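Structure, as structure tokens:
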Amino acid sequence: MDSIWEKTVRMPSFPPLEGDLKTDVLVIGGGIVGLLCTWMLRREGVECALVEADRLCGESTGRTTGKVTSQHGLIYHRLVREFGPEAAGLYWRAQEAALARYREMSREISCDFQERDNYVYSLDDPRELEREMAALGQLGIPARLVRPELPFPTAGAVRFPGQGQFHPLRFLSTVAADLPVYEQTRALEWMPGRVRTDRGTIRAERMVVATHFPFLSNHGAYFLKLYQHRSYVLALEDAPDVGGMYVDAGKTGLSLRNWDGYLLLGGGGHRTGKKGGGWQTLEDAARQYWPGAKIACRWAAQDCMSLDGAPYVGQYSRNTPQLYTATGFNKWGMTGAMLAAMLLTDLLLGRENPYGDIFSPSRTVLRPQLVANIWESTVNLLTPTMPRCPHLGCALKYNPQEHSWDCPCHGSRFSEDGTVLDGPANGDILS
């Protein structure tokens, strides 16, 4: 189902690759990370090209809620605990740098950018808000503990002032307009210095894999470092302006923001391949809190979740020195994509960047989430049912809300007839 962004903006179209190609930098993946990275490299005078297996922004980027914020849930007390205050402060400054770049670009690009305060609320646990406020105070991050005006009771919220929201596809349609892009060109196999696609071979000294979930399974162990999470959105007509951007601190709570007379209501999330509330959760909430509202549009999004809450941006693995990636944005892909493009541009040009170490894909994997990822993979690999995912052979689960076959291991999704919808699988269901 198309998102409100896809219904209101048509992305530019580009021809497929015909034959072989040689370039300095190849970007694989035509979502927001790939487009911003290609755009920045071109502005630096770098010869580059981008290939996209289908259409630009046809998956996760086109199905975001378009929030641009450095407040990523109640994350900072956990970052202080796991990384230390210096790294946690760097994480915040990186997100703020991304937000500032959006503000700067939106002066030249019409994209409905608006400043809004962002709120992370808790339904019933004031202590988690107090822990977060203590960490924010330690880091010198401006925030306030407030009681938000919402149609349901909360224990309070942490407010970040002066954040942003925008129309992501209106922004990216301008960014993409003059880029060297090849659509309907699927990367099939990587080798040092070249990539084989379904339309020819591309030779490039350096490459960026910006395919949401990295598709090369024999490098970097991303099949252990990532899992994917589904979430759902309704665009409601005749609903009030909530006066800011809101998200529940819990994984399955509600997200709210307004755009052009619509209230965007998100939630109902679950690990891909597992059961969850889906659109039914949102429909129930809409009837309860905004009984006069009408559903104008519905869509679903998919997010890559890292082991420690920070994305992986940098060299794909220790053994692939000219190959880079960006993934694991943990539901915060708008600021994550911008910081990734800025960091990758610096890395590709050999420039120092203060944020490289904290986002390095080669940082430790010894996190509790690793055990959960291994368990899910093991259980579903040993499940004897059909159909199977062509990525690593896990048993697929049927998703009745979206009429799709979903992989609980790594999040690949397929239509009822077996056609691949979401990676990391690079082909259709095994027969």
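The values are calculated or read from the model by the stated rules, or taken from the named source; none is laboratory data. Note that the structure is a prediction, hence the values are computed from the model and not measured. Note that we place each Cβ from the backbone using ideal geometry, even for glycine, and neighbour counts take in every protein chain shown. For the accessible areas, the whole protein counts, side chains as well, though only heavy atoms, and no ligand, DNA or RNA atoms are used. Shrake-Rupley method; radii C 1.70, N 1.55, O 1.52, S 1.80 Å.
Residue-level analysis places LEU381 outside the set of residues that are in a helix (DSSP H, G or I) and open to solvent by less than 10 Å² (accessible area, probe 1.4 Å).
Per the listing LEU74, LEU123, the residue uniquely surrounded by fewer than 19 Cβ atoms within 10 Å (Cβ to Cβ), aliphatic (A, V, I, L, M), out of contact with any Cys (no Cβ under 9 Å at 6 or more places or on another chain) and under 22 Å from GLY266 (Cβ atoms) is LEU123.
Annotation: LEU150 fulfils all but one of (1) more than 30 Å from HIS391 (Cβ to Cβ); (2) in a strand (DSSP E or B); the unmet one is (2).
Restricting attention to region 163-177, the residues that are under 17 Å from the mean Cα position of the chain (by Cα) and open to solvent by 10 Å² or more (accessible area, probe 1.4 Å) add up to 0.
Would you confirm, using the coordinates I've provided, whether ALA88 is open to solvent by 20 Å² or more (accessible area, probe 1.4 Å), touching a Leu at 6+ places or on another chain (Cβ under 8 Å) and not in a loop (DSSP other than H, G, I, E, B)? Criteria not met by ALA88. Might you let me know whether region 265-273 holds any residue that is open to solvent by less than 20 Å² (accessible area, probe 1.4 Å), of a type in the set (S, T, N, Q) and under 30 Å from TYR324 (Cβ atoms)? Yes, region 265-273 contains a residue that is open to solvent by less than 20 Å² (accessible area, probe 1.4 Å), of a type in the set (S, T, N, Q) and under 30 Å from TYR324 (Cβ atoms).
The set of residues in region 96-120 that are open to solvent by less than 50 Å² (accessible area, probe 1.4 Å) and touching a strand residue (DSSP E or B) at 6+ places or on another chain (Cβ under 9 Å) comprises ALA98, LEU99, TYR102, SER106, PHE113, ASP117, ASN118, TYR119, VAL120.
The set of residues in region 399-420 being open to solvent by 20 Å² or more (accessible area, probe 1.4 Å) and touching a residue at least 40 places away in the same chain (Cβ under 8 Å) consists of GLN401, GLU402. The residue list VAL242, VAL247, VAL233 contains one member that is under 30 Å from CYS394 (Cα atoms) and at pLDDT 95 or above, which is VAL233. The residue of region 387-398 that is surrounded by the most Cβ atoms within 10 Å (Cβ to Cβ), among those that are under 27 Å from MET1 (Cβ atoms) and of a type in the set (A, V, I, L, M), is LEU396.
When ARG203 is tested against the conditions (1) open to solvent by 40 Å² or more (accessible area, probe 1.4 Å); (2) modelled with pLDDT of 95 or more; (3) not in a strand (DSSP E or B), the lone failure is (3). Taking every residue in region 350-372 that is more than 20 Å from MET338 (Cα to Cα) and part of a loop (DSSP other than H, G, I, E, B) and pairing it with any residue that is among the acidic types (Asp, Glu) and open to solvent by 50 Å² or more (accessible area, probe 1.4 Å), at least 6 positions away or on another chain, the pairs with Cβ-Cβ distances below 9 Å are ARG363/ASP357; ARG367/GLU82.
Among the residues that make up region 196-205, is at least one of them of a type in the set (Val, Ile, Thr), under 20 Å from GLY58 (Cα atoms) and touching a residue at least 12 places away in the same chain (Cβ under 8 Å)? For region 196-205, residues of a type in the set (Val, Ile, Thr), under 20 Å from GLY58 (Cα atoms) and touching a residue at least 12 places away in the same chain (Cβ under 8 Å): present. Residue check: is ALA326 aliphatic (A, V, I, L, M), closer than 27 Å to SER360 by Cα and crowded, with 23+ Cβ neighbours inside 10 Å? Against the criterion (aliphatic (A, V, I, L, M), closer than 27 Å to SER360 by Cα and crowded, with 23+ Cβ neighbours inside 10 Å), ALA326 qualifies.
Scanning region 130-162 for residues that are surrounded by fewer than 17 Cβ atoms within 10 Å (Cβ to Cβ), touching a helix residue (DSSP H, G or I) at 6+ places or on another chain (Cβ under 6 Å) and free of Cβ contacts under 8 Å to residues at least 40 places away in the same chain returns LEU145, ALA155.
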